[in-house]
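All remarks here apply to the structure that follows.
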Amino acid sequence: MHARQSPIDAYALGWDASTRSVQLKVLRALPSTSYSIMARRYDSRTTIFSPEGRLYQIEYAMEAISHAGTVLGVLSKDGVVLAAEKKVTGKLLDMSGSKEGGYGGSGEKIFMLNSNVVAGVAGITADANSLVNYARQAAQRHLYMYNEDIPVELLAQRLCDLKQGYTQYGGLRPFGVSLLYAGYDPHYQFQLYHSDPSGNYSGWKATCIGANNGTATSLLKQEYKEDISVEDAIELVLRTMSKTMDSTTLGSEKLEFATLTLDADKKPKAKVYKPAEIDALLQKHGLAKKEEDTASA
Amino acid sequence: MDISFALVGKGYVIVASDTTAARSIVKMKVDEDKIKVLSPHLLMAYSGEPGDTVQFAEYIERNIRLYTIRNTHPLRPPSAASWIRRTLADSLRSRRPYAVNLLIGGYDTSTHTPHLYWVDYLGTMSEVPFGAHGYGAYFGLSLLDRYHDPEAPLEEGLATLRRCLDEVAKRLVVTPEKYKVKVVDKDGVREVEI
């Protein structure tokens with residue numbers, strides 16, 4: 001399900017996404033026996049090519065991500081919207097800290113990387129934490145050197161340089177994490193980027209990573225309109241999320257949500273929604289209760 | 001003995017510097033360009049210890065160029081000035097610091113605003129409407145204080161600069177004979193005759 005639909009690329013970087021989907025089609029087309037034998041012989045090392053010229057560990061890492069909770073991002077003229085499906089839930093999980101703590105949210109999938117960048121992560125949470133920490137440091141280093149917020153693409157590049165290193169320097173496991181970066185800088189205004197374990201990154205108008213990303217991307221492709229407003233983007237994200245997620249009801253215990261807009265001083269303002277705010281938002285868009293929305297669509 | 005002036009106007013920055021290269025009491029050269037073009041919308045006038053100036057300016061020039069190549073877009077003037085100041089401040093705390101004073105003028109193409117920064121060899125930086133280094137500052141700053149208008153069109157800005165240069169010519173014991181004047185605005189950098 002991870003073969004991406006043809007990319008709706010924003011910054012002419014979509015080529016890598018399409019090359020990857022071709023690559024993964026080859027993976028499925030191979031006879032299962034030769035595939036598994038080849039895989040077994042060459043998959044123990046991350047930095048060794050198989051005779052077909054592939055790096056299995058990297059492909060497995062991407063496979064792992066396509067089972068992770070969905071993260072969805074939509075770019076609009078006046079803001080960027082991110083939503084993420086939380087996987088670690090349950091009656092007995094102590095969520096009391098997430099009600100008030102920090103800058104909001106339970107902090108499982110959506111993180112502030114810098115005052116102008118919010119990221120959604122899909123994959124191994126522990127790996128993601130390490131990458132988030134690295135990104136925050138990179139952003140602060142840039143601030144120290146240049147006295148400006150790091151440009152969004154530059155931050156994505158910093159992380160991708162690190163991730164790429166693990167596909168080449170031996171003995172270590174690659175980061176099993178894909179990220180969506182929602183950001184703003186004066187050069188290109190609002191931006192949405194995606195990066196994967198191989199160290200590729202690309203810019204998007206709307207995209208999705210994690211479980212059911214194929215379904216979500218095709219939905220986004222149908223529904224996305226040029227010069228969409230933030231309000232419409234929020235609705236689009238919530239609607240797409242409710243159709244893609246496995247669970248029947250949408251609520252703050254399964255969902256993380258964030259927006260990045262400009263405040264009155266034209267400075268980027270990230271808002272990571274608190275559980276109560278998410279529930280209020282779902283209520284507002286009529287998605288709080290059952291899946292009647294899915295039926296009507 | 002270097003003299004440099006710079007001032008901000010409506011959508012532009014003028015940077016001017018004399019063109020003499022002197023050693024002791026001897027003029028070695030009278031057509032030295034002491035204003036570097038760092039990027040399509042960034043100028044830097046440098047003065048100070050001979051040798052240090054060119055070495056430092058070239059180091060800055062090449063690193064700003066490297067950033068532009070790596071990141072597809074150039075550093076914006078505020079970020080470039082911050083980085084240059086940082087480099088100078090780090091140098092000050094090294095075994096052999098650079099003794100270089102700078103005027104950094106640039107036009108920010110993303111916010112459409114001109115910027116001018118005054119930087120000295122100690123790593124002091126200040127964003128200013130006009131600035132000067134060297135002996136010219138003693139005569140020029142009072143004139144700039146009186147006549148500078150941040151909303152003035154280019155002709156008026158150049159006239160104000162003219163006043164400063166004339167005053168230097170009139171009062172300073174050893175006056176430079178020639179100045180190089182560069183302007184940066186939305187269309188980029190160009191040299192003007194004065």
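The values are calculated or read from the model by the stated rules, or taken from the named source; none is laboratory data. Because the structure is predicted, anything quoted here is derived from the model rather than measured. Quick reminder, even Gly has a Cβ in these numbers, built from the backbone with ideal geometry, and neighbours come from all protein chains shown. Remember, those area values only see protein heavy atoms, side chains included, never the ligands or the DNA or RNA. Shrake-Rupley method; radii C 1.70, N 1.55, O 1.52, S 1.80 Å.
Per atom type, the range B:140-194 shows carbon and sulfur on 46% of its accessible surface, probed at 1.4 Å.
The phi-based Karplus calculation (6.51 cos²θ - 1.76 cosθ + 1.60; θ = phi - 60°) puts the 3J(HN,Hα) values of the range B:89-101 at 5, 5, 5, 4, 9, 9, 5, 10, x, 6, 9, 9, 10 Hz, whole numbers, x for Gly and Pro.
Exceedance of the 20 Å cut-off in Cα-Cα distance is limited, within the set A:Lys254/A:Lys284; B:Lys10/B:Lys170; B:Lys34/B:Lys170; A:Lys163/A:Lys267, to B:Lys10/B:Lys170; B:Lys34/B:Lys170; A:Lys163/A:Lys267. Once the partner protein chains are put back, the range B:83-117 shows a loss of at least 30 square angstrom of accessible area, versus the chain by itself, at B:Trp83, B:Arg86, B:Ser110 (probe 1.4 Å, ligands and nucleic acids excluded).
In order along the range A:127-144, phi translates into HN-Hα couplings of 4, 4, 4, 5, 5, 4, 4, 4, 5, 4, 5, 4, 5, 5, 4, 5, 4, 5 Hz, rounded to whole numbers, per the Karplus curve 6.51 cos²θ - 1.76 cosθ + 1.60 with θ = phi - 60° and x for Gly and Pro. Computed from the Cβ-Cβ distance with R0 of 60 Å, the FRET efficiency linking B:Arg23 to A:Glu226 stands at 0.40. By the Kirkwood approach, averaging reciprocal distances over each pair of separate Cα atoms, the range B:94-194 gets a hydrodynamic radius of 15.1 Å.
For the protein assembly as shown, the orientation-averaged shadow of the C-alpha convex hull comes to 29.2 nm² (one quarter of the hull surface). Taking label points 7 Å from Cα along the Cα-to-Cβ direction, B:Asp166 and A:Asp246 give a separation of 8.3 nm. Measuring gaps between exposed loop sites in chain B (GluC sites (Glu not before Pro); DSSP loop; at most 11 other Cβ atoms within 10 Å), the longest gap, sites not included, is B:1-150.
For the range B:4-192, the alpha carbon convex hull comes to 111 Å³ per residue, rounded to a whole number.
Once a ≥ b ≥ c are taken as the square roots of the eigenvalues of the Cα gyration tensor of the range A:127-262, is the result rounded (a/c under 1.5), prolate (a/b larger than b/c) or oblate (a/b not larger than b/c)? Here the range A:127-262 falls in the oblate category. The H on the amide N of B:Asp108, modeled in the peptide plane, is under 5 Å from the matching H of B:Thr113, B:His115, each at least 5 residues off or on a different chain.
Note on B:Ile69 and A:Ala276: with the Förster distance fixed at 45 Å, the Cβ-Cβ geometry gives a FRET efficiency of about 0.40.
Note on A:Ala264 and B:Ser94: with the Förster distance fixed at 41 Å, the Cβ-Cβ geometry gives a FRET efficiency of about 0.40. Surface burial for B against A, with a 1.4 Å probe and both sides summed, reaches about 1200 Å² of accessible area. Shown for the range A:135-184: residues covered by the partner protein chains by 30 Å² or more of accessible area relative to the chain by itself (probe radius 1.4 Å), namely A:Tyr144, A:Met145, A:Tyr146, A:Glu148, A:Leu154. The mean accessible area for residues of chain B, using a 1.4 Å probe and ignoring ligands and nucleic acids, is 50 Å² per residue. The packing ranking, built from the mean of other Cβ atoms within 10 Å per residue, places the peptides B:90-97, A:225-232, B:45-52, A:121-128 in the order A:121-128, B:45-52, A:225-232, B:90-97, highest first.
Overall, the range B:4-192 carries a charge dipole of about 560 debye about its Cα centre when +1 sits on the Cβ of Lys and Arg and -1 on the Cβ of Asp and Glu, all other atoms neutral.
Each residue of the range B:80-88 was assigned a 3J(HN,Hα) from its phi angle through the Karplus expression (A = 6.51, B = -1.76, C = 1.60, θ = phi - 60°), giving 4, 4, 4, 5, 5, 4, 4, 4, 5 Hz with x at Gly and Pro.
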